[in-house]
Amino acid sequence: MKILNIAERTIAIGSPLRNARVDFSQMTATVVAVSTDQFRDGHRVVGYAFNSLGRYACGGPMRDRFIPRLLAAIPDDLNDPVTGHIDPQCAVRLMLANEKLGAHAERSMAVGTIEVALWDIVGKLQGRPLFQVLAQRFGMPDCASATTIPCYVGGGFYQPVDDLSRVVDEVQAYLDAGYTHVKIKAGGLSLGDELRRIEAVLRKVGAGNRLALDASCAFNRSDALAFTRAIESYRLRWLEEPCDPGDFETYRLVREASGGVVAGGENLFSREEVDNFLRYGMFDGQVVLQPDPPLAYGIGEFARIVETATSHGVPRANIIPHGGNMMSLHVAAGLGLGSAESYPGLFGAIAGFSNEVTICDGQASLPSAPGIGFEQQPALYRVFTELSKEIS
């Protein structure tokens, strides 16, 4: 098997939403298409991926370093000798040749997005949905027969007008759609306004363990601790990213002050960073870990992050991939993790799940389309097919 060409494109998200630190009006993303010399059902096999939500496009490193390295590789250096199909882990090793260690975010997103597109190819060549391929590859065979996975909805971004009434209506719509657990943003308002917002949503969801908060790294140490104490009585599901992801001491203090679960990891991009986070955050298992596969060198590195996390006593049930998209859904299901995340209808074409996925009583059905299944997301697939024309 041979890679014929790789195309990338920057697309605008252009959302009016914001969290405590970032508005998405200028946010971009990178979409990738990897064309091969293989055909299935009369169509050329092309792999697709994008670099998730909340990070800007990463096409520069792709164009300058990683795409040329893959295109220059000979098939024997890329392919599994048993199947003759591309091995995404061989591709990652080739892309990282002559790269210094460390400074992961400078390249992890570019490499990871391409790697996920290669997994899409593997699934398509096998004619199986990606979660089944991953279950077999990473030693979780029972997961291949799963039909559903728990799924919570992430939303509650700050609205430019009528924020309180709109977040309540938004949460009600999620409950009506079949979700039972909700996450909303926090840390972007005064403490009094935040508490009113939380209490209004609690009245909708009915219990603290059905509501999580995402502070999007909003707080310094003193503010994080003050906020933690202010919400302690609500007994919420978790408080996510209360501070800078590298501030292990504040994470430790927040966890101790809350007596509950702290979440983080979407801003950690390698197993080494996760190892330090868990080692020095001293969570004693009271943590929800949320790396994002295409942001963190891809699915192979994500599997190694899971191994690292479990060695620190974090149960698989407490590992939930960030992203709210089809890529993360397959990773969660294939690796036997606790839940998937969903972002329905919030970020245009690149958010949400395919037409095959339904939500009922807090469970997401698993797709049957081969690979990731972007072909069952009409708006996003149009973006990919336009990109594919550049390399056809």
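The values are calculated or read from the model by the stated rules, or taken from the named source; none is laboratory data. Quick caveat: nothing in here was measured; it's all calculated off a predicted structure. Using ideal geometry, Cβ is built from the backbone for each residue, glycine included, and neighbour counts are taken over all protein chains shown.
One residue is enough: does segment 93-106 have a residue meeting the conditions assigned to a helix (DSSP H, G or I), of a type in the set (Lys, Arg) and not assigned by TED's automatic domain parsing to the domain that holds Lys185? Outline the logic, then answer.
Step one: of segment 93-106, the residues assigned to a helix (DSSP H, G or I) are 93-95, 105-106.
Add one more test, that the residue is of a type in the set (Lys, Arg), and what stays is 93.
This time we only want the ones that are not assigned by TED's automatic domain parsing to the domain that holds Lys185, so: 93.
Yes, segment 93-106 has at least one match.
Could you go through segment 283-293 and let me know if any residue there is at pLDDT below 95 and of a type in the set (Asp, Glu). Yes, there is a match, as at least one residue in segment 283-293 is at pLDDT below 95 and of a type in the set (Asp, Glu).
Among what's in segment 79-99 and is touching a residue at least 60 places away in the same chain (Cβ under 8 Å) and not β-branched (Val, Ile, Thr), pick the residue that is surrounded by the fewest Cβ atoms within 10 Å (Cβ to Cβ). Give the derivation first.
As a first pass, look at segment 79-99 and keep what is touching a residue at least 60 places away in the same chain (Cβ under 8 Å): 79, 84-86, 88-89, 92.
After this cut, where a residue has to be not β-branched (Val, Ile, Thr) as well, the list is 79, 84-85, 88-89.
Details: Asn79: 19, Gly84: 11, His85: 19, Pro88: 24, Gln89: 17.
Among those residues, the one meeting the criterion is Gly84.
With respect to (1) at pLDDT below 95; (2) more than 30 Å from Ser190 (Cα to Cα); (3) in contact with a Cys (Cβ under 7 Å, 6 or more places away or on another chain), the lone exception for Asp76 is condition (3). Under the condition of being touching a helix residue (DSSP H, G or I) at 6+ places or on another chain (Cβ under 9 Å) and not in a strand (DSSP E or B), which residue from segment 7-22 is surrounded by the most Cβ atoms within 10 Å (Cβ to Cβ)? That would be Ile13. Within segment 246-285, the residues that satisfy the criterion of being assigned to a loop (DSSP other than H, G, I, E, B) and crowded, with 18+ Cβ neighbours inside 10 Å are Asp247, Gly260, Val261, Gly265, Glu266, Asn267, Leu268, Phe269, Ser270, Phe283. Look at Ala317 and say whether it is among the aliphatic types (A, V, I, L, M), over 24 Å from Glu249 (Cβ atoms) and in a helix (DSSP H, G or I). Yes. Taken over segment 350-384, the criterion of being in a helix (DSSP H, G or I) and within 25 Å of Leu134 (Cα to Cα) is satisfied by Ile350, Phe374, Glu375, Gln376, Pro378, Leu380, Tyr381, Phe384. Taking segment 23-39 as the range and being touching a Leu at 6+ places or on another chain (Cβ under 9 Å), exposed (fewer than 14 other Cβ atoms within 10 Å of the Cβ) and either in the same structural domain as Asp292 (by TED's automatic domain parsing) or modelled with pLDDT under 95 (or both) as the test, only Ser25 passes. Summed over segment 56-72, residues that are buried (at least 19 other Cβ atoms within 10 Å of the Cβ) and not in a helix (DSSP H, G or I) total 2. Within segment 286-306, does at least one residue satisfy the condition of being buried (at least 24 other Cβ atoms within 10 Å of the Cβ) and farther than 29 Å from Gln126 by Cα? Yes, the conditions are met somewhere in segment 286-306.
Go through segment 210-230 and count every residue that is in a helix (DSSP H, G or I) and closer than 26 Å to Gly178 by Cα.
Going through segment 210-230, the residues in a helix (DSSP H, G or I) turn out to be 210, 221-230.
Still in the list and also closer than 26 Å to Gly178 by Cα: 210.
Residues that pass the stated criteria total 1.
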